[in-house]
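Everything on this sheet refers to the single structure shown next.
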């Protein structure tokens, strides 16, 4: 009779290291691109909290960054959108209280950058 | 009380590069819930949008321990993890406390995973069950579920000349769960980050099972513009279609009462799944829907006022 196997001998399921999806760039899905106007931003973090793709990086700023009305905003501040992952859904532009994000067609953005 | 700045400054459990639809609010719900945990988390995830889109082999978007399960057993496995964890702790093999969270869609919660959920709640395991409710089987292409609202057009109950879409009202999953005499059950939504965060905090602090149902507008199968996800989430609350409330030890507390309730048309408008209701012959469906929503709201107000145990 074959040796009885215990659960220790079972084959392990798929076992993945964390966050490998970072290698999969979903930015290519985008047809509209958010254009961020930092001079009008109040760093309220609404766009950051609402971004489904975690594509708006933030940083802690001690010295502060210049935002709306030339004011210095300290603490958590948002940076330029990460276009490697932004799918261009437009939630950030829709929900921004100061309307400092506008959506433009991706082709326009590409044309403007190659000129 | 946490501020939005504090919440977004926490490390997010999901990495970008996941393949949820453009404009999907599931990651927002997941990030907010997990941000509320002060302890390490273990996730049990039922089959559904979140599971298929976050882990397409060999990619995974998760930075926290996560387990893929079938539709029906997310709550059962979460209960198993909790029991194993308790045993390990008793033997001194583990020291730190953890929070165990089960995520399921509405199909995996209202319908297929319901008996496992009910069993786990009844046995009193200390874990949090979160349903991200997009009101249908959206990952497989909009089939009707127990959470689909009255009047919605789905592929299994299509609207047409002889049909208004789904003819039943959805299950009241929060009250069903609260009826298990669990310490905490709540209804939340994607757009109200602070409310969702506070509810998750309370759920983790509860001594026993807790349950959160979070409405998650689905751009693909509710059929609206991707930018409007949070706008529809907001409208669902302001029309009383999806009231924000919690049931703490059986007592109802309403978290947000709209100053002036918006008519339900404002929520239905622009959604492809409700487009047929705006035909003149279907006017009565909207009226009926409005009546049901108002009655539900009155009932909820009474429950809050009387503090009667659910």
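Residue-wise test of (1) within 12 Å of chain A (Cβ to nearest Cβ); (2) in a loop (DSSP other than H, G, I, E, B); (3) at positive phi.
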residue: B:17; (1), (2), (3): yes, yes, yes
residue: B:38; (1), (2), (3): no, yes, no
residue: B:58; (1), (2), (3): yes, yes, no
residue: B:76; (1), (2), (3): no, no, no
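Please indicate, with yes or no, whether at least one residue in segment A:48-62 is farther than 24 Å from residue B:33 by Cα, surrounded by 13 or more Cβ atoms within 10 Å (Cβ to Cβ) and in contact with a strand residue (DSSP E or B) (Cβ under 6 Å, 6 or more places away or on another chain). Within segment A:48-62 (the criterion being farther than 24 Å from residue B:33 by Cα, surrounded by 13 or more Cβ atoms within 10 Å (Cβ to Cβ) and in contact with a strand residue (DSSP E or B) (Cβ under 6 Å, 6 or more places away or on another chain)), the answer is yes, since at least one residue qualifies. Assessment of segment B:78-98 against the conditions (touching a helix residue (DSSP H, G or I) at 6+ places or on another chain (Cβ under 8 Å), more than 28 Å from residue A:43 (Cα to Cα) and buried (at least 23 other Cβ atoms within 10 Å of the Cβ)) yields at least one matching residue. Taken over segment B:117-163, the residue count meeting the criterion of being within 30 Å of residue B:86 (Cβ to Cβ) and free of Cβ contacts under 8 Å to residues at least 12 places away in the same chain is 0.
Only residues that are crowded, with 24+ Cβ neighbours inside 10 Å and more than 7 Å from every other protein chain (Cβ to nearest Cβ) were counted in segment B:19-28, giving 1.
So, residue B:255, is that one touching a strand residue (DSSP E or B) at 6+ places or on another chain (Cβ under 9 Å) and surrounded by 15 or more Cβ atoms within 10 Å (Cβ to Cβ) or not? Yes. Taking chain A and the helices (runs of 4 or more DSSP H) fully enclosed by it, the elements with 2 or more residues that are at the interface with chain B (Cβ under 8 Å from one of its Cβ atoms) are at A:46-50, A:91-95. Could you list, in sequence order, all residues of segment B:113-124 that are out of contact with any strand residue (DSSP E or B) (no Cβ under 8 Å at 6 or more places or on another chain) and surrounded by 24 or more Cβ atoms within 10 Å (Cβ to Cβ)? Across segment B:113-124, the qualifying residue is only B:116.
Filtering segment B:222-247 down to residues that are away from chain A (no Cβ under 14 Å) and more than 17 Å from the chain's Cα centre (by Cα), which residue is surrounded by the most Cβ atoms within 10 Å (Cβ to Cβ)? Going through the qualifying residues, I end up with B:239. Annotation: of all residues in segment B:2-15 being in contact with a helix residue (DSSP H, G or I) (Cβ under 7 Å, 6 or more places away or on another chain) and assigned to a helix (DSSP H, G or I), the one that is farthest from the other protein chains (Cβ to nearest Cβ) is B:7. Within segment B:76-96, residues that are under 20 Å from residue B:43 (Cβ atoms) have Cβ atoms under 6 Å from residues that are exposed (fewer than 14 other Cβ atoms within 10 Å of the Cβ) in these pairs: B:94/B:88, counting only partners at least 6 apart in sequence or on another chain. Restricting B:242, B:222 to those that are closer than 18 Å to residue B:294 by Cα, outside any strand (DSSP E or B) and modelled with pLDDT of 95 or more reduces the list to B:242.
From the list B:28, B:41, exactly one residue is at pLDDT 95 or above and farther than 18 Å from residue B:82 by Cβ. Which is it? Explain how you work it out, then say what you get.
Numbers: B:41 fails: farther than 18 Å from residue B:82 by Cβ.
Answer to the selection: B:28.
For segment B:46-56, a tally of residues being out of contact with any strand residue (DSSP E or B) (no Cβ under 6 Å at 6 or more places or on another chain), in a loop (DSSP other than H, G, I, E, B) and away from every other protein chain (no Cβ under 11 Å) returns 1. Somewhere in segment B:85-96, is a residue at the interface with chain A (Cβ under 9 Å from one of its Cβ atoms) and part of a loop (DSSP other than H, G, I, E, B)? No, there is no match, as no residue in segment B:85-96 is at the interface with chain A (Cβ under 9 Å from one of its Cβ atoms) and part of a loop (DSSP other than H, G, I, E, B).
Checked against the criterion of being at pLDDT 95 or above, within 21 Å of residue B:288 (Cα to Cα) and surrounded by fewer than 17 Cβ atoms within 10 Å (Cβ to Cβ), the candidates B:149, B:158 yield just one match: B:158.
The values are calculated or read from the model by the stated rules, or taken from the named source; none is laboratory data. Source: prediction; values computed, not measured. Cβ: placed from backbone, ideal geometry, glycine included. Neighbour counts: every protein chain shown.
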